[in-house]
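The values are calculated or read from the model by the stated rules, or taken from the named source; none is laboratory data. What you are looking at is a predicted structure, and each value in this text was computed from that prediction instead of being measured. Reconstructed Cβ throughout: ideal geometry from the backbone, glycine too, with neighbour counts over all protein chains shown. Please note that ligands, DNA and RNA were not included when accessible areas were found on the heavy atoms of the full protein model with its side chains. Shrake-Rupley method; radii C 1.70, N 1.55, O 1.52, S 1.80 Å.
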Amino acid sequence: MDINARIARRVAETRAARGLSLAALAERSGVGRSTISLIERGESSATATVLDKLSAALGITVAALFDAPSEEAPSPLSRFDEQPVWTDPGSGYVRRNLSPALPSPIQLVEVVFPPGQRVAYDTGARETDVSQQVWLIEGTMAVTVGDTSWRLAAGDCLAMRLDRPIAFHNPGTAPARYLVALVSQAPKPRKEH
């Protein structure tokens, strides 16, 4: 299945499962209703920023949008040639979902980020508590989480929660390659006083 068709199906199925109309998802995500409709029909390739807004509004991670629908029992093995690969039309960064289809709270993603490019995710708190670690394998990256910035070199690992705006920028002259590990947990109930 084509990657845009896979994303289209996941957005539409998840929206329907949550009982959201196009208008309701547009309001929750800040993405235009016509844009969502084009994405769901596979007629538009959404940018990373748009996918982040949609996934936050749907209560899932961006990585979950690349999961393949399957009628069979999910496999615990993810073969390299079957891993979904997607290129952000805005920045040209390439992400490969490494994790198997077998349900797990952990998702692994490999990213190759072009030199000089930047992607900003403006979403804040999510329904699901998502923690992320970025381990830089090659190159350099500047990562801003909220108001704090870090410059990462090969071998560095940065941990963060997806509860505030995050920006990724490759200030180098060569592509940066890194591994993203995501862990999703249901939010802890608030204590009543």
* To do: Taking Kirkwood radius over Cα pairs in Å as the quantity of interest, determine which of [x] 17.3; [y] 19.0; [z] 17.9 was computed from the displayed structure.
  => [x]
* Regarding segment 71-154, what are the three Cα extents along the principal axes, ordered largest first, in Å? -> 43, 30, 25
* Length-normalised contact order of the chain in % [C-alpha pairs under 8 Å, at least 6 apart] -> 19 percent
* Asked: Going toward the positive end of the dipole of segment 1-130, with +1 on Lys and Arg Cβ and -1 on Asp and Glu Cβ, which of Ser99, Ala57, Ser78 do you reach last?
  -> Ala57
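How about segment 22-124: which GluC sites (Glu not before Pro) there lie in a loop by DSSP and see at most 16 other Cβ atoms within 10 Å?
Working: sites: Glu27, Glu40, Glu43, Glu71, Glu72, Glu82, Glu110; in loops: Glu43, Glu71, Glu72.
Answer in residue order: Glu43, Glu71, Glu72.
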* To do: Pop out the ³J(HN,Hα) list for segment 94-109 in order, Karplus 6.51 cos²θ - 1.76 cosθ + 1.60 with θ = phi - 60°, rounded to Hz; leave Gly and Pro as x.
  => 10, 10, 10, 7, 8, 5, x, 6, 4, x, 7, x, 9, 10, 10, 9
* Tabulate in residue order the Karplus-calculated ³J(HN,Hα) for segment 167-178, using 6.51 cos²θ - 1.76 cosθ + 1.60 with θ = phi - 60°, rounded to whole Hz; enter x for Gly and Pro. => 10, 10, 9, 9, x, x, 9, 10, x, 9, 10, 8
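Are there trypsin sites (Lys or Arg not before Pro) in segment 55-162 that DSSP marks as loop and that have at most 15 other Cβ atoms within 10 Å, and which are they? List each step's numbers first, then the result.
On the way: sites: Arg79, Arg95, Arg96, Arg118, Arg126, Arg151, Arg161; in loops: Arg79, Arg126.
Those satisfying the criteria are Arg79.
Calculate, for the chain, the solvent-accessible area per residue in square angstrom, rolling a 1.4 angstrom probe over the heavy atoms of the protein chains.
On the way: 10410 Å² over 193 residues.
Per residue, the chain has an accessible area of 54 Å².
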* Helical contribution to [θ] at 222 nm, DSSP H n ≥ 4, -39,500 (n - 2.57), averaged over the chain, rounded to 500 -> -6500 deg cm²/dmol
* Asked: Rounded, prolate or oblate: which fits segment 5-99, taking a ≥ b ≥ c as square roots of the Cα gyration tensor eigenvalues, rounded meaning a/c under 1.5, else prolate when a/b beats b/c?
  -> oblate
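At a Förster radius of 41 Å, what calculated FRET efficiency corresponds to the Cβ-Cβ distance of Glu27 and Arg151, to the nearest 0.05? Present the calculation step by step, with values, prior to reporting the outcome.
Numbers: r = 37 Å, r/R0 = 0.90.
The pair Glu27/Arg151 has a calculated efficiency of 0.65.
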* **Zone residues, segment 36-77, relative to Asn4, backbone N less than 19 Å from point 7 Å out along Cα-to-Cβ** => 36-55, 65-69
